[in-house]
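What follows is one structure encoded as structure tokens, with my remarks underneath.
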Amino acid sequence: MILDYLDVSAPADFHADLCIVGAGAAGIAIARSFMGTAIRVCVIEGGGLNGEEESQALFHGTSVGNPPFDPIHSRMRVFGGSCNLWGGGCITFSRHDLETRDWVPDSGWPISFDELQPYYEQARDYCQLDSHDFADGSFVGALPREPVPFDTDKLVNQIFARSPIFFGAAYRAEFEAADNITVLLHANLLELEAASDGKAVKQARIGALDGRTGRVRARHYVLASGGIENARLLLLSDSVLPRGLGNAYDLVGRYFMDHPSGSIGRVLTDAPDRLTRPYDRDLNRGTSSIFPEIGLSDRAQRAHGLLSGRVHPFAVETEVPKGIQALRELRAALRKTVLDEGEALEARLCAAMHNGPMPATGPLPGSQSVGRLALRVGMGAGDIAKAFARKLSDKSAVKSGHVELIGYFEQAPNPHSRVTLGHELDALGLRKVCVDWQLTALDKHTYRTASMLFGTELARACNGRYVPAPWVGGAGDEVPNVHGTAHHLGTTRMSDDPRQGVVDNRCRVHGMDNLHIAGSSVFPTGGWAFPTFTIVALSLRLAEDLRSLLQTCSSTGIF
């Protein structure tokens, strides 16, 4: 069932076998695996069924690092989590991603690709992907367009699959009908209260923005609140252990990573469509669910001492013909322009996280009447016919002036890049997050060297010329012109050694009997892969462990 904690008729306190904090991709995957069982699950979600400005404001925080980092626009507090904004990209990590790389400090996962593989198979079903096979760091299948062939000592084409669903919307009805699962909306975790010895969580203290408070008591607890919030909630749970839970070695919040992204320059060519069309995800929307991405080869990473990365070529139009501009304005005018609060919030967050070249701007929708726009479309029929002919010959509707290259990179694990608690308080009286996002010398070396590899090889493939972005040729110690992509990683990293990680290889917090963490905060490294597919795989693996632990609890009456 789904209850709203702001509804005074709902109980203040709850008892369950399993308490999950967060109803995003990870929390929903874990809770859903217990549907129809005898195990009682309580899911605590701070947002509602749709986005709300008041709940979203609880993600406010500060940034003290360089590059600066925006902690509010890069995540969403709502049932379904930040995946309410995702593009559906799914891809496995590769063996190379998970291995220890001697040129990458603190690299190496304590689990292997073979251990993850069966859970990737389960994740494929959860994400409602077509039954494409997957291999080492890629899906496998026939692509709608043949990708550009590259020198595989430098670049490779890797295939990702696109999920058609948003998890909250896809599985909401199942949760509404589930007798053994209670989802509490607008219920915010205030603290995980530990037992007196600090070795177990005894209850979760929760509260709503109207001042209502209560408790959830369970046998086991899972934090599944995202790569920033997982660390913040551990640090806020300090009434018994002053440094917070799982923080005996001052590791909670450290090793904060993202996938830094930015324009690495442009390719000037007479054949831009050859470079961009195979990688255009919008061309086959609804007819294909797999698409190629251009990545650095493992051999290039080893040879140059680089982190992983990918590049996406975007076609940038020349001057748009008047008839096409009129048609676009007419379509925009006919779309819904009055958004409700949730739609407006989603639009604002998506705009803040825009990860491609900004489109050329034209007159605002509504600046002309629909009738006048229709007249302009009619007068521009020749332009529209020419565009249609271009599309029939598998070219873009409007000729491209150049190809903009957007790079997306792995970030090196760095203990000085971290999430801490600031001094300001939120509306619940809790300390807001402070993000100190920092790049290392390896990051800067990777982004500049990889940019030159990407640019020169892509230019060669279309007989063009690469023009690097100004920062690519800058001094090695200058901070590259990159920004985050809302892939928050590493703040409760996984390691067999409690001196090197917050959770063990089963995602249980070191030193805690009944506290577990789900999500990308446990990633020791990030590769370039979109993280959601691996988040789901690890969550389903954790759910399997929890079933075994909770069955033991039921038979013995102990943790």
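Worth a mention:
- HN-Hα J in Hz across the stretch 214-227 - Karplus 6.51, -1.76, 1.60, θ = phi - 60°, x for Gly and Pro: x, 9, 10, 10, 8, 7, 9, 10, 10, 8, 9, 10, x, x
- Every helix of 4 or more DSSP H residues in the chain counts as -39500 (n - 2.57), and over all residues that averages to -8500 deg cm²/dmol at 222 nm.
- Considering the chain, its Cα convex hull presents a mean projected area of 26.1 nm².
- Dipole check for the chain: with +1 at the C-beta of Lys and Arg, -1 at the C-beta of Asp and Glu, and the Cα centre as origin, the magnitude is about 1200 Debye.
- One decimal place: the segment Ala347-Arg281 gains 21.8 nm when fully extended, by the rule 0.36 nm per residue minus the C-alpha distance.
- Share, in percent, of DSSP beta bridges within the chain that are antiparallel, nearest 5: 65 percent
- Simple spin-label estimate for Met35 and Val64 in nanometres, 7 Å along Cα-Cβ: 4.4 nm
- Accessible surface, per residue, of the stretch 48-90 when the full set of protein chains is kept, probe 1.4 Å, Å²: 35 Å²
- Built amide H within the under 5 Å cut-off of Ser74, gap 5+: none
- Solvent-accessible area, 1.4 Å probe, carbon plus sulfur percent, for the chain: 52 percent
- Our estimate of slack between Arg95 and Arg547, defined as 0.36 nm per intervening residue step minus the Cα-Cα distance, is 159.9 nm.
- Straight-distance crosslink candidates among aspartates and glutamates, where the alpha carbon sits under 13 Å from Lys154 and sequence neighbours closer than 8 are dropped: Asp298, Glu457
- For the stretch 16-110, the square roots a ≥ b ≥ c of the C-alpha gyration tensor eigenvalues yield an a/c of 1.5 or more together with a/b not exceeding b/c, which makes the shape oblate.
- Inter-probe distance in nm under a simple model that places probes 7 Å from Cα toward Cβ, at Glu176 and Asp130: 3.1 nm
- For the stretch 39-58, no residue has its backbone nitrogen under 16 Å from a point 7 Å from the Cα of Ser9, taken along Cα to Cβ.
- Estimated vicinal HN-Hα couplings, Hz - the stretch 170-180 in sequence order (Karplus 6.51, -1.76, 1.60; Gly, Pro = x): 5, 10, 4, 4, 4, 5, 4, 8, 6, 6, 9
- Angle between the chain longest axis and helix 113-126 axis [Cα atoms, degrees, rounded to 10]: 80 degrees
- Neighbour-limited loop hits for trypsin sites (Lys or Arg not before Pro), the stretch 177-276 (at most 15 other Cβ within 10 Å; DSSP other than H, G, I, E, B): Lys199, Arg243
- Considering only GluC sites (Glu not before Pro) in DSSP loops that have at most 14 other Cβ atoms within 10 Å, the longest stretch of the chain without any of them is 1-318.
- In order along the stretch 404-420, the phi-based Karplus estimate (6.51 cos²θ - 1.76 cosθ + 1.60, θ = phi - 60°) of 3J(HN,Hα) comes to 8, 9, 10, x, 9, 10, 6, 10, 5, x, 8, x, 8, 8, 8, 10, 10 Hz; Gly and Pro are listed as x.
- Helix 441-461 axis, angle to the chain major axis (alpha carbon atoms, nearest 10°): 30 degrees
- Rounded tilt (10° steps) of 322-334 against the dominant C-alpha axis of the chain: 30 degrees
The values are calculated or read from the model by the stated rules, or taken from the named source; none is laboratory data. Here the structure is a predicted model, which is why all the values come from computation and not from measurement. Every residue, glycine among them, receives a Cβ derived from its backbone with ideal geometry; neighbour counts consider all protein chains shown. These area figures cover heavy atoms from the full protein model, side chains too; ligands, DNA and RNA do not enter into them. Shrake-Rupley method; radii C 1.70, N 1.55, O 1.52, S 1.80 Å.
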